[in-house]
Each structure stands twice: as structure tokens, then as C-alpha cells.
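Chemist: Would you mind keeping the following structure in view while I ask a few things?
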Amino acid sequence: MGTKRKKMGKEATYLAITIPIVALFFLFNTLPLIQGVIYSFTNFKGYGDFDWVGEIQISDLPADPPIFQYQYGALHEELPDGI
């Protein structure tokens, strides 16, 4: 009987630790990720109303050379500092 009660206590402790961790992970990681994906299909500027523009934002990305120039510049500047 003592081992069963001890096992139940360990399971309760495990759940008491795991549930808040999973909730915080969802709140601070998964939810902003989902929100960012949703924002990428809109023309939202951070305030006011927004319209759904669909794949226009994504399909215009390869045709926009400054995007790749900025990314290359950022990687060229920051990557050596990280190493």
C-alpha cells in the first residue's frame, strides 16, 4: 500500500511540474508562432485595421532583391561575432 501511495505522489508531482511548463511553452512559443504566420498573410502594420492579402506577400518575396541583400548583410555582420 505504501508503494502505491508513493507512486501516486510522484505522478501528481510530475503533472504539477509538466502542465505549467507545457502551458507556458504554448503561451510564449507556439501562440506567437501561429500569430506570426497569420500576420504574414495580411497587410497589418501593427495598428488599425488589416486586410487579408493571401499569398501576395509570400509570392512577392523572391522578386524583392533588397530582402536578400539585407539578410546577407545581417549574416555577414553577425555570423562572425557568434562564432
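The values are calculated or read from the model by the stated rules, or taken from the named source; none is laboratory data. Since the model is a prediction, treat every value here as computed from it, not as a measurement. Here the Cβ is made from the backbone with ideal geometry for all residues, glycine too, and neighbour counts use every protein chain on show.
Chemist: If you check every pair at least six apart or on different chains, which have Cβ atoms under 6 Å apart with a residue in region 22-50 that is hydrophobic (A, V, I, L, M, F, W, C) first and a residue that is part of a strand (DSSP E or B) second?
Modeler: Final answer for the pair search is PHE50/THR42.
Chemist: Just for helices (runs of 4 or more DSSP H) wholly inside the chain: which have at least 1 residues that are surrounded by 10 or more Cβ atoms within 10 Å (Cβ to Cβ), modelled with pLDDT of 85 or more and out of contact with any strand residue (DSSP E or B) (no Cβ under 6 Å at 6 or more places or on another chain)? Please lay out each step first, then the result.
Modeler: Numbers: elements: 2-25, 31-39, 56-60, 65-82.
Counting at least 1 such residues, we get 2-25, 31-39.
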